[in-house]
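Everything on this sheet refers to the single structure shown next.
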Amino acid sequence: DASSYVSAMVFVNIVVWRYLKLSLLVRSLEGDVSINSKTGNVNLSADEAKVQALAGSVALTALAGGLKIQQVSADGDVGINAKLDVELGNAIDSVGGDITIGATHGDLKLAAGSIIAQAGGITLLTEGGEVATPSTLRAANGSSIESLGKLSLSDSIVATGGDISAKSRAGEITLSAVVSAEGGGVTLSAYSAITAESGGITRIEVINKGT
């Protein structure tokens, strides 16, 4: 039901042991929103699945599974952490905080959405997989993107302040994006290769550790 929702004045805290699927609005008017699965996946991929913290932060966690996200917005920080894949369908937005998305064993599949930190920085990190950046990645205070495997930079990556850093620790970087650090520098670092298919870069230092 598109009209269904969970709303609270102070905070919303949802914890499950295994699998969690929500197809509704989850909103806190003055506090934080926390959604956590201890051993399973979290599925918030339906069009109706929106997570909002109008005056606080959002934390989404799948300690032993993956995360599917449609839309997340917060006044403060947004923290999204999973063991397996993190998939984005629409948008993640923070008005005044930082956005951090991490996976310990999976990929960050973000190409279908946008991520905007209006006043903070953005960190994308997978310790054991690949990263595909969103169609729009925009931060006010720099961005750090790191993968173990392939790192795909696409569409638009902008930092209005601070630096942009992209690193593949054991793989390659493919570039088909406009990467712009309007107040800082851009560093690309890959173990094997850096391949530019299209797009452009401003203020860049390229480090290729491959042979």
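The values are calculated or read from the model by the stated rules, or taken from the named source; none is laboratory data. For clarity, every value in this text was computed on a predicted model and none was experimentally measured. Using ideal geometry, Cβ is built from the backbone for each residue, glycine included, and neighbour counts are taken over all protein chains shown. SASA here: full protein model, heavy atoms, side chains in, ligands and nucleic acids out. Shrake-Rupley method; radii C 1.70, N 1.55, O 1.52, S 1.80 Å.
Of everything in region 72-95, what is open to solvent by 50 Å² or more (accessible area, probe 1.4 Å), outside any strand (DSSP E or B) and over 22 Å from K150 (Cα atoms)? Give them in sequence order.
D75, D77, V95
Being in contact with an Asp or Glu (Cβ under 7 Å, 6 or more places away or on another chain) and of a type outside the set (D, E, K, R) is the filter here; which residues of region 70-85 pass it?
Residues satisfying the conditions are Q70, S73.
Considering each residue of region 101-114, count those that are crowded, with 20+ Cβ neighbours inside 10 Å and closer than 12 Å to T126 by Cβ, and give that number.
Number of matching residues: 7.
Only one of (1) under 20 Å from A62 (Cβ atoms); (2) of a type outside the set (S, T, Y); (3) open to solvent by less than 10 Å² (accessible area, probe 1.4 Å) fails for A117. Which number is that?
(1)
Scan region 2-22 and report the pairs whose first residue is closer than 15 Å to G56 by Cβ and touching a residue at least 40 places away in the same chain (Cβ under 8 Å) and whose second residue is open to solvent by less than 40 Å² (accessible area, probe 1.4 Å) and in a strand (DSSP E or B), with Cβ atoms within less than 6 Å and a gap of 6+ or a chain change.
F11/S28
Taking A53 as meeting all but one of (1) surrounded by fewer than 18 Cβ atoms within 10 Å (Cβ to Cβ); (2) out of contact with any Lys or Arg (no Cβ under 7 Å at 6 or more places or on another chain), write down the number of the exception.
Among (1) surrounded by fewer than 18 Cβ atoms within 10 Å (Cβ to Cβ); (2) out of contact with any Lys or Arg (no Cβ under 7 Å at 6 or more places or on another chain), A53 violates only (1).
Tally the residues that are outside any loop (DSSP other than H, G, I, E, B) and surrounded by fewer than 22 Cβ atoms within 10 Å (Cβ to Cβ), restricting the search to region 122-151.
Residues in region 122-151 being outside any loop (DSSP other than H, G, I, E, B) and surrounded by fewer than 22 Cβ atoms within 10 Å (Cβ to Cβ): 7 in total.
Identify the residue in region 58-71 that is surrounded by fewer than 21 Cβ atoms within 10 Å (Cβ to Cβ) and assigned to a loop (DSSP other than H, G, I, E, B) and, among all such residues, is farthest from the chain's Cα centre (by Cα).
Going through the qualifying residues, I end up with A64.
What's the number of the only condition in (1) assigned to a strand (DSSP E or B); (2) closer than 21 Å to S94 by Cα that A119 fails to meet?
Here A119 clears every test but (1).
It is to be established whether one or more residues within region 194-210 are open to solvent by less than 10 Å² (accessible area, probe 1.4 Å), at pLDDT below 95 and in contact with a Gly (Cβ under 8 Å, 6 or more places away or on another chain).
No; the residues of region 194-210 include none that is open to solvent by less than 10 Å² (accessible area, probe 1.4 Å), at pLDDT below 95 and in contact with a Gly (Cβ under 8 Å, 6 or more places away or on another chain).
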